[in-house]
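First up is the structure itself, then whatever we jot down about it.
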Amino acid sequence: MNLQTLNLIAYVWLGIAILVHFTMFFITAPFGRHTSEKWGPMINNKIGWVLMEFPSLGIMLYFLLFGTYSFNSFVWILFGLWIFHYTNRTFIYPMRIKATPKKMPLFIVINGIFFNLMNAGLNGYYLSELAPKNDYALNWLNTPQFILGLILFITGLAINWKADTILINLRKPGETGYKIPQGFLFKYISSPNLFGEIIEWSGFALMAWNLPAFTFLAWTFANLVPRAKNHHDWYLNTFSNYPKERKIVFPFIF
Ligand SMILES: NC(=O)c1ccc[n+]([C@@H]2O[C@H](COP(=O)([O-])OP(=O)(O)OC[C@H]3O[C@@H](n4cnc5c(N)ncnc54)[C@H](OP(=O)(O)O)[C@@H]3O)[C@@H](O)[C@H]2O)c1
């Protein structure tokens, strides 16, 4: 595939992200607290997470190890960061979430697999086959774009992990219900884990500075902002004492 074809696919994929973004304010993605049997056959929650996230990890590992130019520049750093994030999301996160009788629709898993095939496919192929090698040469490591991007990536990752940890630990062994999370960024927003994930992929896009990385950031934003709104509305409807001053996902803004 040449660059023109990849760009065309990325622009179409970006257009779909915009449509999905607005649709998701009206149709809540049915997993986690919003899970529903109305969406067809169901699958164990933990297995669902592994199945839907593995393609992203597997594809990026494949392009890192077998791609033509993966080690001809410092582009392997971008692969490494992606693989680090998705090792957690694919294997560690599902092991850590508390086992509840909850299931997720197979429909969500299939959507997740397609989302990950497209995003990892576009990013992996671009980085290992098409990116100009001087974009990720030694001097790239000294650019403000790389340094700021890396700081944002690590900060976002830390926020995402810490917030996920607080949420996971709200349940004592055997508990299945929900509580109001307190402390850390929960003082300001309902979904610091989703905020952290958006910051993380903003950092990645800044570092990588290419169309597939910005397309992935757009998809992350498109998915997670409406999901955070769904979570926030759910908290307000579920807990009469939910702190009214909390924003949805961006502290002091939204
Ligand atoms: N890149 C992307 O596009 C994308 C898309 C989706 C998710 N993600 C990431 O995947 C992770 C999970 O996302 P999510 O929206 O499913 O997160 P979430 O609803 O906040 O749930 C995270 C975990 O904490 C539990 N939990 C949440 N709130 C709780 C509460 N108030 N009381 C007790 N337990 C609670 C959930 O249990 P239940 O499952 O039982 O609700 C789940 O195990 C996040 O880190 C997110 O950033 C990324």
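The values are calculated or read from the model by the stated rules, or taken from the named source; none is laboratory data. All figures in this text were calculated on a predicted structure; none of them were measured in a lab. Cβ: placed from backbone, ideal geometry, glycine included. Neighbour counts: every protein chain shown.
At a glance:
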{"read-out": "Total residues in region 199-234, condition farther than 24 Å from residue 136 by Cβ and among the aliphatic types (A, V, I, L, M)", "value": "4"}
{"read-out": "Tabulated pairs, region 31-47, first more than 14 Å from the ligand (Cβ to nearest atom), second assigned to a helix (DSSP H, G or I), C-beta under 6 angstrom, 6+ apart or interchain", "value": "39/107; 40/107; 41/106"}
{"read-out": "Subset of region 86-107 (residues that are surrounded by fewer than 22 Cβ atoms within 10 Å (Cβ to Cβ) and either more than 17 Å from residue 164 (Cβ to Cβ) or in contact (Cβ under 8 Å) with a residue 60 or more places away in the chain (or both))", "value": "88, 93, 96, 97, 98, 100, 101, 102, 103, 105, 106, 107"}
{"read-out": "Among (1) in contact (Cβ under 8 Å) with a residue 12 or more places away in the chain; (2) farther than 29 Å from residue 8 by Cβ; (3) assigned to a helix (DSSP H, G or I), the one test that residue 147 misses", "value": "(1)"}
{"read-out": "Output for region 112-134, where each listed residue is without any contact (Cβ under 8 Å) to a residue 60 or more places away in the chain and under 16 Å from residue 20 (Cα atoms)", "value": "114"}
{"read-out": "Neighbours by Cβ (under 6 Å, 6+ apart or cross-chain): first from region 154-182, in a loop (DSSP other than H, G, I, E, B) and of a type in the set (Gly, Ala, Ser); second within 9 Å of the ligand (Cβ to nearest atom) and modelled with pLDDT of 95 or more", "value": "none"}
{"read-out": "Set 25, 31: member being buried (at least 17 other Cβ atoms within 10 Å of the Cβ) and touching a Pro at 6+ places or on another chain (Cβ under 8 Å)", "value": "31"}
{"read-out": "Search result, residues across region 157-201 that are in contact with a Leu (Cβ under 9 Å, 6 or more places away or on another chain), more than 18 Å from residue 32 (Cα to Cα) and charged (D, E, K, R)", "value": "162, 200"}
{"read-out": "Residue that is nearest to the ligand (Cβ to nearest atom), among those in region 142-198 that are acidic (Asp, Glu) and under 19 Å from residue 100 (Cβ atoms)", "value": "164"}
